[in-house]
Amino acid sequence: MVNFILNRILQSAIVMFVVALISFFLFNFVGDPISNMVGQETTVHDMNALRERLGLNDSVIVQFGRFILDALNGNFGISYRLQRPVDELISERMPATLELVFVSAVIAMVLGVAGGLFTGLKRDHWLSKIILTSSLVGVSLPTFIIGILLIYIFAVKFNWLPSFGRGEVVDLKGGWSTGLLTVSGWKAIILPSITLALYQTTLILRIIRSEMLEVMRTDFIKFARARGLKSRDINYGHALKNTLIPVITVAGLQIGSLIAFSIITETVFQWPGMGSLFIQAVQFADVPVMSAYLVLVAFFFVIINLIVDLLYFVVDPRLRSEIKN
Amino acid sequence: MRKEQTLTWWGRFVDHDVTYSFLHSPVTVIASIVTVLMIIAAFCAPVLTSYTPFVPGSLNLLDAFMPPAWEPGGVSEHFLGTDGQGRDILAAIMYGTQVSLTVGLLSVLLSIAIGIPLGIIAGYNGGWVDTAIMRIADIQLTIPPILIALMIDGVTRTSLSSEVHELVAIPVLIVSIGLASWPQYARITRSGAMVERRKDYIAAAQLIQTPTALILLRHIFPNVVGPTLIVATIGVAVAIIIEATLSFLGVGVPPTTPSLGTLIRIGNNFLFSGEWWITLFPAFTLVVLVLSVNLIGDWLRDTFNPKLR
C-alpha cells in the first residue's frame, strides 16, 4: 500500500511539474512581461534595468527553477490589471469559490444519491420516469442558461432571492470570509449553488441508478433475499455499498469540474470568487493571474484524484487484501 | 412476398432495420425534423429573412426594444421582437445558429481528425507508443474541456493584437474546442483498434507485407470509425454548449458575428429591465438545438450498439 501511495504521489508530482512548465512558458513567452508592467513613457534603459532586476536575462532553466521556488512559496508575481500581488488576490477570493463548490457538492451528492437509489430500486414507478426524463433535459441545459432562468424566475419575477453577490460576509480568523453565517449569505448562495449542482446531480443520479440496477441482479443480493434479510438492509447495507466505487470516481472528478464550472456560475451571478477573477484575467490578458489559476486548479485536481485513489482502499476490501498478499 | 434482387437502393433503405427502428422512435423522428429545420433556417438565413441584423447600417434605433408580436406593442414584422439596437431577434437567432453550428461541427471534425489517427496508432502498436498517447489523453481528460478551451483562447488573446484577434476569433475557437476534446475519440478508436489488430485478416495483411500505413488506413480505419462517429454526434452537442458558454463568458466569438451564446450574453443585460425576449429566445433555441442533437445521438448509440445502455 505504501508503494501504491508513493507511486500515485510521484505521478501527481509529474502532472504538477508539466502544469508548472506550461504555466511558466505562458508567463514568460506569451507577450512581453516587461511591456505589460511599465507605462508608456519608460525609457529603453529603464526597461532593460527592470528586465535585469526581474532576472529575465538569465537562462531559461534558472528562470524556471526560480518560478517553481516562487510558486511553492505562493508567489505568482503581480497582476497586470490590478497591480496587486496575485497570491493576495486569489486568497481573498478563494473562500467564496470554495463555499460555493462545497454547498453545490453537498446538494449534488444528496439529491443524486437519493434520486439514483429511488429510480434504481423502483424503476417502473411514475416518479422514476419523470426524474429520468428531466435528467436528460438537465444534461442538455448549459449551466449559464440554468442560471439565467433561475435569475429570471426567482429574482426578476418573484423577487424572492438576490441575483448577484454573496450577501453579508463575516470575517473569520485567518483571513477567511464566510457567507454561511448570515441569512443574506444563505439566501445569496441558494441560486448559484443549485445552478452549479444541477448537472452534477443528473450525472451522479444516472450512475447510481445503472449501478443499482446491475447490483440488484447479482447472486449475492438474491441470496440475501433468500436468507430473509430486511429489504432495507439489502438495499442500503449490501447493494448501495457495492455501487460506491464508480460513484466515488465520478464524484471526485466532478468536484474538480465544479471548481472549473464555477467560472460560469460566478460570472452569471457576479459571485466574487476565483472564477470571475480568472475570466477577467482572460479578457484582459492578465497572464500572472491566468498562470496562477492554472497551477492552483491543477493542484486541486491532483489532490482530489489522490484522495479518490486512497478512498478506493477504504471502500473496497478486495484491494486491501490484494495489497497484503 | 418480397423479391430481394429487384430491390433498388431506395427499397433496401426503406426495408432496413435502422430505418425501421428510426420510424418507430417518434422522439427521434421529431428531434431529426427539428434539427434539419434548424440547419435549413440557419444556413438559408440570407434567403429566408430580409433583415441583415449584423450590418450596422441597416438597423434603425427607432425599432429598438420591440416585444414579440403577441405582446402589447409588438408588430408582426418583428415576430420575436427586437433588441436594444433594433435588430430583429428571429433573424439574429438564424444567423447566430449558423455560427454555433459551424463552430460545433468544425471543432468536432478537428477532434476526430486528431483523435482517430492517434487512437489507431496507439491501439495498433501498443507498447510505449500506446502508453505515451493514452497517458496524455488521461491527463487531459481529468481537466474539463471548457477550461482547456478557455486557456487556449486566453493565450491567443494575449499574443495577438485585438484587431487581429477579432479576425481569427472563430478559427481560434474551433481549434481550442477541437484540441480540448480529442481524448475521448482517441480512447474509443484505440479500443476498437486493439480488438481488430488480433484478427486474422490483419495477420494475413501483415504476412504479405502490406505497409503498416496501408494496414492502418485500409483495414483498421474502416472497421473502427463507426462507433467514433456515433459518439461524435453527441460531441457536436457538447461542442455547441462549450462554444455558447465561452461566447457567453465573453471570450468566444466577437459581437460582430454573434453566435447564440453571444446573443444570450447581450440579452442578459436587459433581463432585469423586463426585456426578457432578447435573451430567452436565443437561450430556448440553443436548448432545443442541443436537446435534439442529444436525442439523435442517444438513438444512434442505442441502435448501433445494443450492448450500451
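Laboratory data are not the source of any read-out in this text; all were calculated from the coordinates shown. Computed from a prediction, not measured in an experiment: that's the story for all the values here. Neighbour counts are summed over all protein chains in view; Cβ atoms, including those assigned to glycine, are modelled from backbone coordinates with ideal geometry.
The table for this structure:
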read-out: Relative compactness, chain B, computed as alpha-carbon Rg over 2.2 N^0.38 Å; value: 1.20
read-out: Net charge of Cβ neighbours under 14 Å - reference A:Gly115; Lys, Arg +1; Asp, Glu -1; value: +4
read-out: Relative contact order of segment B:150-254, pairs being alpha-carbon contacts under 8 Å that are 6 or more residues apart, as %; value: 41 percent
read-out: Share of Cα-Cα pairs in segment B:14-66 lying beyond 12 Å, as whole percent; value: 76 percent
read-out: In degrees, nearest ten, helix A:60-72 long axis to first principal axis of chain A (Cα); value: 60 degrees
read-out: Length added when fully stretched, B:Tyr201-B:Asn223, from 0.36 nm per residue minus Cα-Cα; value: 6.7 nm
read-out: Percent of alpha-carbon pairs separated by more than 41 Å within the protein assembly as shown; value: 34 percent
read-out: Hypothetical label at B:Glu166: residues of segment B:242-282 whose amide nitrogen lies under 11 Å (7 Å Cα-Cβ projection); value: B:254-257
read-out: Chain A: Rg to Rh, with Rh as the Kirkwood radius over Cα pairs; value: 1.06
read-out: Nearest 10 degrees, 0 to 90: helix B:277-304 Cα axis against chain B principal axis; value: 20 degrees
read-out: Electrostatic dipole magnitude of the protein assembly as shown [Cβ: Lys, Arg +1; Asp, Glu -1; Cα centre; debye, to 20]; value: 2620 debye
read-out: Over segment A:92-273, relative contact order from alpha-carbon pairs under 8 Å, at least 6 apart, %; value: 36 percent
read-out: Dipole of segment A:92-273, positive end: most advanced residue of A:Val170, A:Leu240, A:Gln254 [Cβ charges, Cα centre]; value: A:Leu240
read-out: Around A:Thr182: net Lys/Arg minus Asp/Glu count, Cβ-Cβ under 11 Å; value: +1
read-out: Degrees, to the nearest 10: A:2-29 long Cα axis against longest axis of chain A; value: 40 degrees
read-out: Sequence-separation-based contact order of chain A, relative, with Cα cut under 8 Å and 6+ spacing, percent; value: 26 percent
read-out: Ascending count of other beta-carbon atoms within 10 Å, so fewest first, for A:Val15, B:Val288, B:Val224, A:Val183; value: A:Val183, B:Val288, A:Val15, B:Val224
read-out: Label-point separation in nm, A:Lys129 to A:Ile190, each point 7 Å along Cα→Cβ; value: 3.2 nm
read-out: Gained length - A:Arg8 relative to A:Val44, 0.36 nm times residue gap less alpha-carbon distance; value: 8.1 nm
read-out: A:Tyr293, B:Tyr95, A:Tyr80, B:Tyr201 arranged by Cβ crowding within 10 Å, fewest neighbours leading; value: B:Tyr201, A:Tyr80, B:Tyr95, A:Tyr293
read-out: GNM flexibility winner over chain A from A:Val110, A:Val314, A:Val101 (Cα, springs under 10 Å); value: A:Val314
read-out: Calculated Rg and Dmax of segment B:161-309 using C-alpha coordinates, Å; value: 21.2, 74
read-out: FRET E, pair A:Leu310, B:Thr8, Förster distance 45 Å, beta-carbon r, rounded to 0.05; value: 0.10
read-out: Estimated [θ] at 222 nm from DSSP helical runs (n ≥ 4, -39500 (n - 2.57)) normalised by residues in chain A, nearest 500; value: -24000 deg cm²/dmol
read-out: Neighbouring partner chain Cβ atoms per residue of B:248-257, average, 10 Å criterion; value: 3
read-out: Computed log₁₀ I(q)/I(0) - Debye formula, equal Cα scatterers, no solvent, segment A:92-273, q 0.18 Å⁻¹; value: -1.10
read-out: Farthest positive-ward along chain A dipole, Cα basis, beta-carbon charges - from A:Ala298, A:Val308, A:Ala114; value: A:Ala114
read-out: Residues B:Ile208, B:Ile148, sorted so that the one with the fewest Cβ neighbours within 10 Å comes first; value: B:Ile208, B:Ile148
read-out: Amide proton proximity set for A:Ser177, modelled H, under 5 Å, gap of 5+; value: A:Leu172
read-out: Two-decimal Rg to Rh for segment B:79-148 - Kirkwood Rh, Cα set; value: 1.30
read-out: Inter-label distance for A:Val18 and B:Phe270, nm, one decimal - labels placed 7 Å from Cα along Cα-to-Cβ; value: 4.6 nm
read-out: Most fluctuating residue given options A:Phe102, A:Phe223, A:Phe118, as computed from a GNM of chain A linking Cα atoms under 10 Å; value: A:Phe223
read-out: Across A:Lys129/A:Lys187; A:Lys173/A:Lys241; A:Lys122/A:Lys241; A:Lys122/A:Lys187, pairs whose alpha-carbon gap is larger than 27 Å; value: A:Lys129/A:Lys187; A:Lys173/A:Lys241; A:Lys122/A:Lys187
read-out: Normalised per residue, the volume of the convex hull around the Cα set of segment B:1-158 (Å³); value: 251 Å³
